[in-house]
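A.B. asks: The structure that follows is given in the form of structure tokens.
The values are calculated or read from the model by the stated rules, or taken from the named source; none is laboratory data. As the structure is a prediction and not an experimental result, all values here were calculated from the model. A quick note on method: Cβ atoms are made from the backbone with ideal geometry, for glycine too, and the neighbour counts reach across all protein chains shown.
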Amino acid sequence: MRKSLLFIISVFCLMSLCASNPQSEISFQSQVCKLGKFSEADPVRTCTFQFKNVGNAPLIINQAIASCGCTVPRFTAAPVQPGDSGRIEVTYDGSGRYVGPFKKIITVHSNAKTKIVRLYIEGEMTAQKKNK
């Protein structure tokens with residue numbers, strides 16, 4: 001009985017320590033960026049995802065990985081303090097790509113409570129008008 005009681009008390013103490021542990025949390029204004037229609041004559045587009053650390057510990061983005069080589073993400077490398085904001089800038093280069101609608105995924109890994117967040121860019125590249 002005594003061992004059981006000691007075990008239960010230990011579990012509650014451990015749970016209370018884990019519950020009070022500071023944790024960062026990432027919150028995006030939007031997780032989708034719509035690039036609209038654009039011509040293959042001008043195929044490079046950039047958008048920015050703004051985020052805020054709504055947790056109570058510094059937020060560190062470990063990596064941002066694009067689903068395709070045509071999409072390059074750049075992010076705030078320094079730790080983002082609680083209450084502060086950061087950004088992830090994504091450049092899409094449609095050079096040599098097929099015309100038409102597209103949707104690309106950027107997977108963000110961080111130390112936040114939600115470890116993995118997916119961002120999306122979408123748009124439509126139209127054919128370049130030919131001169132007659």
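A.B. asks: Could you grab me the full set of residues in region 58-89 that are among the β-branched types (Val, Ile, Thr) and either touching a residue at least 40 places away in the same chain (Cβ under 8 Å) or in a strand (DSSP E or B) (or both)? Explain how you work it out, then say what you get.
C.D. replies: To start, the set of residues in region 58-89 that are among the β-branched types (Val, Ile, Thr) comprises 60-61, 65, 71-72, 76, 80, 88.
Once the filter is applied, which keeps residues that are among the β-branched types (Val, Ile, Thr) and either touching a residue at least 40 places away in the same chain (Cβ under 8 Å) or in a strand (DSSP E or B) (or both), region 58-89 yields Ile60, Ile61, Ile65, Thr71, Val72, Val80, Ile88.
A.B. asks: Can you tell me which residue is farthest from Lys103 (Cα to Cα) among those in region 43-55 that are assigned to a loop (DSSP other than H, G, I, E, B) and in contact with a Gly (Cβ under 9 Å, 6 or more places away or on another chain)?
C.D. replies: Start the filter on region 43-55 by keeping residues that are assigned to a loop (DSSP other than H, G, I, E, B), which leaves 43, 54-55.
Next cut, in contact with a Gly (Cβ under 9 Å, 6 or more places away or on another chain) only: 43, 54.
Working: Pro43: 15, Val54: 28 Å.
Among those residues, the one meeting the criterion is Val54.
A.B. asks: Of all residues in region 95-112 being in a loop (DSSP other than H, G, I, E, B) and at pLDDT 95 or above, which is surrounded by the most Cβ atoms within 10 Å (Cβ to Cβ)? Give the steps one after another, and end with the answer.
C.D. replies: First pass over region 95-112, keeping only residues in a loop (DSSP other than H, G, I, E, B): 95-99, 111-112.
Within this subset, residues satisfying the condition of being at pLDDT 95 or above are 111-112.
Working: Asn111: 16, Ala112: 23.
Among them, the one singled out is Ala112.
A.B. asks: Considering only residues that are in contact with an Asp or Glu (Cβ under 7 Å, 6 or more places away or on another chain) and surrounded by 14 or more Cβ atoms within 10 Å (Cβ to Cβ), which ones fall in region 113-122?
C.D. replies: none
A.B. asks: Something else about it: If I filter region 22-33 for residues that are in contact (Cβ under 8 Å) with a residue 40 or more places away in the chain, within 14 Å of Lys113 (Cβ to Cβ) and of a type in the set (S, T, N, Q), do I get at least one hit?
C.D. replies: Checked region 22-33: at least one residue is in contact (Cβ under 8 Å) with a residue 40 or more places away in the chain, within 14 Å of Lys113 (Cβ to Cβ) and of a type in the set (S, T, N, Q).
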